[in-house]
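S.K.: The structure's right below; bear with me while I get my questions together.
What follows is calculated from the coordinates using simple rules that are stated; it is not laboratory data. Everything numeric in this text was worked out from a predicted model, so none of it was measured. FYI the Cβ positions are ideal-geometry reconstructions off the backbone, even for glycines, and counts take in every protein chain you see.
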Amino acid sequence: MKVSFLTRLGLASALLLSATACEKNILDQVNPNLPTTDVFYKTSDDAVKASTACYAGLQGLGMYRRWLNFAFDLRDDAGFSQSPWGELADFTHFIQVNYDFEVSNNIWRDHYRTIFRCNQVLDKVPGIQGMNATLQKRVLAEARFLRALSYFNLVSLYGNVPLVLATATDLNTVPPQGTEAQVWSQVISDLQAAQADLPTSYTGNDVGRATKGAATTLLGKAYMQNKRWADAQVQFAQVISSGNYQLTANYTDNFRHTSENNSESIFEVQFSDEKKGGNDAGGGPDATSSQGGQRSQFWGVPGFGFNDGEVRPWVVREFLQEPTAAGQRDPRLAATVFYNRRDLTQFPTALPSDADTLAYGVGFLTRYGTDARNRARVYWRKYQTDYYRTFEDFDSPINQRVMRFADVLLLQAEALNEASGPTNAVPLINQVRQRAGLVPLVAATFTQATLRTQLMHERATELTGEGVRWFDLQRWGLLDSATGTALLKAHDPDFNNFVVGKSRLLPLLQTEVDLNKLGQNPNY
């Protein structure tokens, strides 16, 4: 007798049900690898793990692993891109037709992902019963610091962004769009709350977490961006007088994996090549993903990296303005860039006797000497791995220094100069110059205005390529007028595309504008 398909299916189903009837709820099982928030936040260990997940957000492609370097260092007047990926190059040229462009999309996504994780910690950790009170306060303070850092970047890049300050219980909830002033106010509020409960330092595996000095420094920087000079002074004075930080003897110690979390470091994003090859270029958020930085791969010189980021020649000339007290080149120049030291046309103060630049052990003229265009190009060396290997890949182990003590000294000098002139500012500048072997400045030779100009020079030679110059340009008002942008055009022809009243901010993602009814940034 033939049995129809449906009959056979019914018989099979009956057999399956009878075989499993004694096993209740066999299909209703909890995946032990995916605990929900309702069951997860129960212990101190859970709280610390959740805090660690907040830090993991900093390693995202849209944060310090890759794209923030493009958004800050290649959109200022020191860096630029000739990437064959035209849309990427245009992004650094102040040209963005697609407001949802991958780079901007990733930056937005990874910052708000980090904010979401911080909000979850802030919402859930206070309810953990029996948790050590000091540890609980510290974990909450770390979340506030990381949320503040995320909004610090977002408001600097996008301006009027949504202020998401709690985990949504209703997926239909539309977060309010904050004004720039409101976002800055939230950054300041979070950092003020974080300061009291963060420790001055950590040991063991906790090294790299946010400290009181990190919160205080970022708070000072937030005040600086809002020209609150007196408030900034108070914060930086605490950092300087704490005794917890000092300049390293060697400038290059700030950009190598062999000298991380050193005496000059205030906060850095921790990178590692231990999971080399894990989810290489994708930078996924799962536990098996690579935790290496990718800046060195994307900015490596031709033949050793993608060369998507380069340096404008004026940066070299800035260093060459002044020799050391011993008549040598400023040592920070060789640590910052690879360039043709013998090119007297491009760099007229170079010496004919200067030795050839070595790039990954190969002479610059040997490799690029047959091409005049290449000979005149300048490549990034800061954060490259040439000091210990002859290749770049997607897994650089070098931590990115988000804040370091030299920056604090120069910012405090700027704040003091704005408030009361050069007298108290110059000694701080001289601390930074002394490490480079430069002759000390004399306060009496400066006015407030001329010291402003000098500080622009000092920050260029000390901090170029460290993601802070975009903040400088905003704070100095150079992005707000035709006069300011004219100075930048002289450094970087990409600023010919810059539109005052528009290009200071990136366009908000169009999908976010449409879904959350956001007001788009001016003139987009």
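S.K.: Note down the nm distance, to one decimal, between modelled labels 7 Å out along Cα→Cβ at K275 and at E180.
M.R.: Rounded to a tenth, the inter-label distance reads 3.7 nm.
S.K.: Taking only DSSP H segments of four or more residues, each worth -39500 (n - 2.57), what value at 222 nm results for the chain once the sum is divided by all its residues, to the nearest 500 deg cm²/dmol? Intermediate values should be presented prior to the final figure.
M.R.: Values: 21 runs with 233 residues, N = 524.
Mean residue ellipticity, 222 nm, calculated: -13500 deg cm²/dmol.
S.K.: Hey, another quick one. Taking the chain as the reference, fit the longest principal axis to its C-alpha atoms, fit the long axis of helix 212-225 to the helix C-alpha atoms, and give the angle between the two in degrees, 0 to 90, nearest 10.
M.R.: 70
S.K.: How much space per residue, in cubic angstrom, does the convex hull of the C-alpha atoms of segment 295-380 take up? Mind dumping the intermediate values first?
M.R.: Details: hull volume 8.2 nm³, N = 86.
In segment 295-380, the Cα hull volume divided by residue count equals 95 Å³.
S.K.: Quick check: residue separation of A133 and T173 times 0.36 nm, minus the Cα distance between them. What number comes out in nm? Provide the component values of the computation, followed by the final result.
M.R.: Numbers: separation 40, 0.36 × 40 = 14.40 nm, distance 3.24 nm.
The span from A133 to T173 would gain 11.2 nm if fully extended.
S.K.: Next up: Full-extension gain between S44 and V499, please, as 0.36 nm times their residue separation minus the C-alpha to C-alpha distance.
M.R.: Numbers: separation 455, 0.36 × 455 = 163.80 nm, distance 5.07 nm.
Stretched out fully, the S44 to V499 stretch lengthens by 158.7 nm.
S.K.: Residues of segment 226-250 with the amide nitrogen closer than 15 Å to a label point 7 Å from the Cα of D480, along Cα-to-Cβ, please.
M.R.: 226-229
S.K.: Could you tell me how many degrees, from 0 to 90 and to the nearest 10, lie between the Cα long axis of helix 405-420 and the main elongation axis, the longest principal axis, of the Cα atoms of the chain?
M.R.: Long axis of 405-420 versus the principal axis of the chain: about 60 degrees.
S.K.: Tell me which residues come under 5 Å, amide H to amide H, from F338 once H is placed; ignore anything under 5 positions away on its chain.
M.R.: Result for F338 returns Y379, W380, R381.
S.K.: Calculate the dipole size of the chain relative to its Cα centre from +1 charges on Lys and Arg beta carbons and -1 charges on Asp and Glu beta carbons; express the result in debye to the nearest 20. Write out the running numbers ahead of the final one.
M.R.: Details: 50 positive and 54 negative charges, 35 e Å.
Result for the chain is approximately 160 debye, rounded to the nearest 20.
S.K.: Could you tell me how many degrees, from 0 to 90 and to the nearest 10, lie between the Cα long axis of helix 448-463 and the main elongation axis, the longest principal axis, of the Cα atoms of the chain?
M.R.: It works out to around 60 degrees.
S.K.: In segment 334-428, with Lys and Arg counted as +1 and Asp and Glu as -1 at Cβ, which of these residues, T385, Y360, P397, has the Cα nearest the positive end of the dipole, that is, farthest along it?
M.R.: Y360
S.K.: Running Debye on segment 82-165 with equal point scatterers at the Cα sites and no solvent, what base-10 log of I(q)/I(0) appears at q = 0.15, 0.18, 0.25, 0.26 Å⁻¹?
M.R.: -0.65, -0.80, -1.16, -1.21
S.K.: Can you give the three extents of the C-alpha atoms in the chain along their principal axes, from longest to shortest, in whole Å?
M.R.: Cα extents, longest axis first: 101, 55, 48 Å.
S.K.: How long is the gain from E322 to D354 if the chain were fully straight, where each residue apart is worth 0.36 nm and the alpha carbon distance is subtracted? Numbers along the way, then the final one.
M.R.: Values: separation 32, 0.36 × 32 = 11.52 nm, distance 1.57 nm.
Stretched out fully, the E322 to D354 stretch lengthens by 9.9 nm.
S.K.: Around F394, which amide H atoms from residues at least 5 apart in sequence, or from another chain, sit under 5 Å from its own amide H, with H modelled in the peptide plane?
M.R.: none
S.K.: Distance in nm between label sites at D123 and E87, each 7 Å beyond Cα in the beta-carbon direction?
M.R.: In this crude label model, D123 to E87 measures out at 3.2 nm.
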